[in-house]
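Enquirer: Handing you this structure, nothing more for now.
Just so you know, all these numbers are worked out from the coordinates, no wet-lab data involved. As the structure is a computational prediction, the values presented were derived from the model and not from experiment. As a convention, Cβ positions derive from the backbone with ideal geometry for all residues, glycine included, and neighbour counts pool all protein chains shown.
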Amino acid sequence: MRRLTSSEVAVIDGLTMMGLATGWEWMAALDAGTQAQVAFRTDERTDGTNSDTAMKTHWAGGGHLVIHHNHPSGESLSHPDWNCLLDPDQPMDEIFACTLDGTVYYGALVDDATARQALARYGFAHPSAETAIFDSLAGQTLGFRTAVAATFGKHAVSLALGQRGFAYDIAPGPVMQRALAHVSGPIAAGTAAALAKL
């Protein structure tokens, strides 16, 4: 992941605080070249925020955006997040998702054709990743296995997409860093299962 600018760090702090205060997902759109803020908004939902008039005007003028948003769930980039990077009418150069513990997930497009082919199979890869994570935790309680699979399934698929036309990275916060150390094996199993489907 590239080094975040001071403007981006301030935006992430704002997104995190607004998410904490409201429980909603918020988005900040920055000009890809100047980092000027084009939008800072929410649709008052926990699972998505759409583009607004300011963003559409920016794109109509030939601009590109970098998207920062929060994930109240704490999970990694979702299918809609990755899909945003493939829309030629709404060019987004990079997408970041931040969580309450300071974790930042990162995605960017590397090879359009490869990425499109892989993302078309996301619906097969995600359940396969979750199943592999769940199965690799045999001996643990059902609740723990279910929670780990649900929490890290998207991360495992994102790691796989990072080998299939996208760039992907994570800068874990302190809680996530400890969690990843405990479930690195299951995540690796989930990533392998996702790769087999992409």
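Enquirer: Would you check which residues across region 92-128 are of a type in the set (Ser, Thr, Tyr) and over 24 Å from Thr46 (Cβ atoms) and list them? Let's see the steps before the verdict.
Expert: Of all residues in region 92-128, those of a type in the set (Ser, Thr, Tyr) come to 99, 103, 105-106, 114, 122, 128.
The answer is Thr114, Ser128.
Enquirer: Right, something else. When the residues of region 139-154 are narrowed to those that are β-branched (Val, Ile, Thr) and part of a helix (DSSP H, G or I), which ends up farthest from Ala194 (Cα to Cα)?
Expert: Thr146
Enquirer: Out of the residues in region 67-98 that are surrounded by fewer than 23 Cβ atoms within 10 Å (Cβ to Cβ) and of a type in the set (Ser, Thr, Tyr), which is farthest from Arg178 (Cα to Cα)?
Expert: In this case the residue turns out to be Ser78.
Enquirer: Give the residue that is farthest from Asp89 (Cα to Cα), with candidates limited to residues of region 24-44 that are in a loop (DSSP other than H, G, I, E, B) and among the aliphatic types (A, V, I, L, M).
Expert: Applying the filter and picking the extreme gives Ala36.
Enquirer: Still on this structure: Can you find a residue that is acidic (Asp, Glu), within 17 Å of Leu119 (Cα to Cα) and in a loop (DSSP other than H, G, I, E, B) anywhere in region 45-60?
Expert: No - not one qualifying residue is present in region 45-60.
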